[in-house]
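A short write-up of the structure that comes next.
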Amino acid sequence: MLQNFVRVRFAPSPTGPLHLGGIRTALYNYLFAKKHGGTFILRIEDTDRKRFVSNSESYILETLKWCHIEPDEGVGYGGPYYPYYQSERLNIYRYYINQLLEKGYAYYAFDTDIDQKRKEYNDRGLTFSYNYRIRMDMDNSLTMTKKQLHAKLQSCSSYVIRFKTQPGEKLNMYDLIRGNIIVDTDHLDDKILLKSDGVATYHLANTIDDHLMKITHVLRGEEWLSSMSLHILLYRSFGWIPPHFAHLPLILRKDGKGKISKRNADSLDYPIFPIQWKVPETQIIIPGYRELGYFPESFVNMLALLGWNPGIKREIFSLQELINFFSLEKINKSGVFFDLKKANWFNKKYLNKNKKEIFSFLCEKLKKVSIFCKKDYLWKIIHITIDRIYFVHEIWEHSFYFFISPNSYESNFFNKICHQKSIDQLENAKILLSHTSQFTSLNLRNLFQEDRKNRHKIMQLFRLALVGVLKGIDIFMILEMLGKEESIQRVEKLINKIKEKI
Ligand code: GLU
């Protein structure tokens, strides 16, 4: 039913980088649009110039690209509802605010003592709220004749325009995720729609744009749920049909200290930016998921399941599969906790699909140290070590010993084995190695496992000789990979090192 008709928008304010919540909002909008053959729009809500951060826009565009969730229309993509920057639509907002003024849904307010009033209320333990109870005691057009207003507008350059909330209504609203919501309009204040600098506030611009851009569904963060009533009242005042609303659950910090935000980016022990962000004031670069080695596919997969579930017991989905399965009904109502371990698990799951990247990474690394290997050898190494890594770059710390003979040894263990007995054991092992005709892990295992008494020790000695540390994959596999000659050389090297020491 929604086919070819859904129009959704991602409408970030350019106040810095996107965090996990922001990019997830974009993703859900994208998935919803694609699921219904609709249009995904990018609108930049930049009316608040004080909070403007110049490189945020390019950051947003680059992030969407990296995640493969590019808009069909909007900033950077063009479209029939141009311009998609709110800062270029100020005249449109002025035109529409005049309609509200004429119909009596908005009024001029000239008050200069609001801060003072707020303080007075505070001192009395009350909260000041510019609402229907006090507006008739304030300096605004509701308390003036037409003539007085005219004179005031002539003499006073600074005013704001406020929405005139009608009290006494139980406003019935519907959120696609949360269901029915009832708001008592007595509790709403008269929000500013046009600021004293003549610029529309978020509420006014957002409502007008969603209407003019024919947005059918507004999917946005839960932090905007409290604004929904004002937005519904604005649509009604204009005589427009509101879009459907769906407020997405917050992404919460695991430490229970509320939602994640850009402000606590430094104090968190997990990254919250999709791609790196250069802090304009300090030029400090905060790495994002991209720089830390997460694949965009795994990042997107993880993010999609952070607040939504497909209703089946499966966790790995390609973008197309996410589109197929996506539905608003299966979005959580309550906040979701972010789990870095799970994010890493997702990345691991995507390693197999990205083996070529691991291959290129290894080639680069080897080129830098002037080591040249056969392709087959590299692929084999990737196959036998991939289980141990979560990220492409981790391949090196799990495979360096296949290329470089150790020059030093883990000192704790080395000191323990610095005696003649170890030399004898290594010498014996060396003889066995040199007499093995079929140098395969299977053969070698059978050979060395026979000596039940010493096999544990000899395996450790081999590990030290071949790897340098007590780490690495199955030791017989390492022997097979290195081959007879190299293995024996490494064993001899350790023997000599022990001899030097004792
Ligand atoms: N500009 C708002 C933000 O940055 C958009 C809210 C909305 O989607 O309505 O979150």
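The values are calculated or read from the model by the stated rules, or taken from the named source; none is laboratory data. Only a predicted model underlies this, so the values are computations on that prediction, with no experimental measurement involved. Don't worry about glycine lacking a Cβ; one is built from the backbone with ideal geometry, like all the others, and counts go over all protein chains shown. Surface areas here come from the heavy atoms of the whole protein model, side chains and all, with no ligands, DNA or RNA. Shrake-Rupley method; radii C 1.70, N 1.55, O 1.52, S 1.80 Å.
Summary table
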| read-out | value |
| --- | --- |
| Taking the chain and dividing mean pair separation by its residue count, relative contact order in percent (alpha carbons under 8 Å, at least six apart) | 12 |
| All Cα pairs of the stretch 375-422, percent lying beyond 14 Å | 62 |
| Kirkwood hydrodynamic radius of the chain, Cα pairs, Å | 27.8 |
| Residue among 100, 482, 134 farthest towards the positive dipole end of the chain, charges placed on Cβ | 482 |
| Positive-end extreme of charge dipole, the chain - chosen from 114, 360, 163 (charges on Cβ) | 360 |
| Two-decimal log10 I(q)/I(0) for the stretch 69-140, as the Debye equation yields it once each C-alpha is a single scatterer, q = 0.14, 0.16, 0.23, 0.27 Å⁻¹ | -0.70, -0.77, -1.03, -1.18 |
| Residue-normalised accessible area of the chain, expressed per residue, 1.4 Å probe, Å² | 50 |
| Debye equation applied to the C-alpha atoms of the stretch 229-306, log10 I(q)/I(0) at 0.17 Å⁻¹ | -0.82 |
| Pairwise centroid distance, computed over Cα atoms, of the stretch 460-495 with the stretch 78-150, Å | 77 |
| Two-decimal log10 I(q)/I(0) for the stretch 12-71, as the Debye equation yields it once each C-alpha is a single scatterer, q = 0.20 Å⁻¹ | -0.74 |
| Dipole moment magnitude, nearest 20 debye, the stretch 1-81 about Cα centre, only Lys, Arg, Asp, Glu C-beta charged | 220 |
| The stretch 158-289: Cα Rg divided by the 2.2 N^0.38 Å rule of thumb | 1.30 |
| Added length on full extension, which subtracts the Cα-Cα distance from 0.36 nm per residue, residue 391 to residue 127 | 89.8 nm |
| Proximal aspartates and glutamates to residue 349, defined as alpha-carbon separation beneath 17 angstrom and excluding residues fewer than eight positions away on the same chain | 297, 315, 321, 339, 357, 387, 394 |
| Volume in Å³ per residue [convex hull over Cα atoms, computed for the stretch 63-109] | 126 |
| Stokes-Einstein translational diffusion, the stretch 278-401 - Kirkwood Rh over all Cα pairs, 1.306 mPa s, 10 °C, in µm²/s | 95 |
| Between helix 375-385 and the chain: long-axis angle, C-alpha atoms, 0 to 90°, nearest 10 | 70 |
| Quarter of the Cα convex hull surface for the stretch 338-428, i.e. its orientation-mean projected area (nm²) | 8.8 |
| Summed side-chain charge close to residue 76 - residues other than residue 76 whose Cβ falls under 13 Å, Lys, Arg +1, Asp, Glu -1 | -3 |
| For the stretch 131-204, fraction of C-alpha pairs farther apart than 14 Å, in % | 70 |
| Helix-only mean residue ellipticity at 222 nm for the chain, each DSSP H run of n ≥ 4 adding -39500 (n - 2.57), per residue, nearest 500 | -12500 deg cm²/dmol |
| Accessible area of residue 67 in the full protein assembly, 1.4 Å probe (Å², nearest 10) | 0 |
| Listed pairs 50/191; 65/356; 65/355; 342/368; 65/259 exceeding 31 Å between Cα atoms | 342/368 |
| Computed over the stretch 317-376, the ratio Rg/Rh where both radii use C-alpha atoms and Rh is Kirkwood | 1.22 |
| Projected-area mean, the stretch 7-156, by convex hull of Cα positions, square nanometres | 12.9 |
| Heavy-atom accessible surface of the chain: percent carbon and sulfur, 1.4 Å | 51 |
| Cα-based helix-to-principal-axis angle, 90-103 vs the chain, degrees rounded to 10 | 40 |
| Between 0 and 90°, nearest 10: helix 475-501 axis offset from the chain longest Cα axis | 70 |
| Residue 68 - accessible surface, heavy atoms, 1.4 Å probe, Å² rounded to 10 | 100 |
| Of all DSSP beta bridges in the chain, antiparallel share, percent nearest 5 | 55 |
